[in-house]
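Everything on this sheet refers to the single structure shown next.
The values are calculated or read from the model by the stated rules, or taken from the named source; none is laboratory data. Please read all numbers here as calculations on a predicted model, not as lab measurements. Here the Cβ is made from the backbone with ideal geometry for all residues, glycine too, and neighbour counts use every protein chain on show.
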Amino acid sequence: MSRENLEVARGVFDAWKAGDMEAVRDLYDPDVVVRPLEGWPEPGPFVGREAVMRWFEQLRETWDADVNEPIGDFIDAADRVLVRQVWRGAGHGPDSNIEFTNVVMLRKGKIVYQEFFWDHAEALEAVGLSE
């Protein structure tokens, strides 16, 4: 199962990079819950795939161009996958260049829970790991 989980987590990045938001949508469970970064302007949580996709689409529309890419290894943690990532946006909004850790919980090949952490050590702790 963990190999499949890693593939799903990587698939989100691949689909986002390709601009294929339908492929992104397909990786999320209909009842997914997503918690954005602490202090994020839209505090969340976002409940349900449609709410999550509206948030993602709003994020993409904020800039003329954005890049979301892993900057560390994907870490298998049983039913969860962690990855440190960077998200850059440029264009009609202020330029953005933020690093954070993404934690996804998967069930039956779909993301059922996602949470973002500013602090990588905190993300590791949240899934029972430590640096």
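What to note about this one:
- Restricting the first member to region 104-131 and to residues that are touching a residue at least 24 places away in the same chain (Cβ under 8 Å), and the second to residues that are aromatic (Phe, Trp, Tyr) and part of a strand (DSSP E or B), the beta-carbon pairs closer than 6 Å and six or more apart or on different chains are 105/113; 111/28; 116/100; 118/100; 123/117.
- Residue in region 51-58 that is touching a Lys or Arg at 6+ places or on another chain (Cβ under 8 Å) and buried (at least 16 other Cβ atoms within 10 Å of the Cβ) present: yes
- Looking only at residues in region 61-95 that are buried (at least 16 other Cβ atoms within 10 Å of the Cβ) and basic (Lys, Arg), the one that is nearest to residue 122 (Cα to Cα) is 84.
- Tally, over region 82-108, of residues that are touching a Lys or Arg at 6+ places or on another chain (Cβ under 9 Å) and in a strand (DSSP E or B): 13
- Here residue 29 meets the list (1) over 12 Å from the mean Cα position of the chain (by Cα); (2) in contact (Cβ under 8 Å) with a residue 40 or more places away in the chain; (3) assigned to a helix (DSSP H, G or I) almost entirely, failing just condition (3).
- Residue 42 vs. criteria charged (D, E, K, R) and in a loop (DSSP other than H, G, I, E, B): yes
- Filter result (among the small types (Gly, Ala, Ser) and within 17 Å of residue 10 (Cβ to Cβ)) within region 103-129: 109
- Any hit, region 5-20, residues being among the polar types (S, T, N, Q), assigned to a helix (DSSP H, G or I), modelled with pLDDT of 90 or more and within 19 Å of residue 126 (Cα to Cα): yes
- Conditions (1) out of contact with any helix residue (DSSP H, G or I) (no Cβ under 9 Å at 6 or more places or on another chain); (2) assigned to a strand (DSSP E or B); (3) surrounded by fewer than 16 Cβ atoms within 10 Å (Cβ to Cβ); number of the one not met by residue 112: (3)
- For region 44-73, filtered to residues that are of a type in the set (S, T, N, Q) and over 13 Å from the mean Cα position of the chain (by Cα), the residue that is modelled with the highest pLDDT is 58.
- Condition check for residue 7: without any contact (Cβ under 8 Å) to a residue 60 or more places away in the chain and surrounded by 12 or more Cβ atoms within 10 Å (Cβ to Cβ): yes
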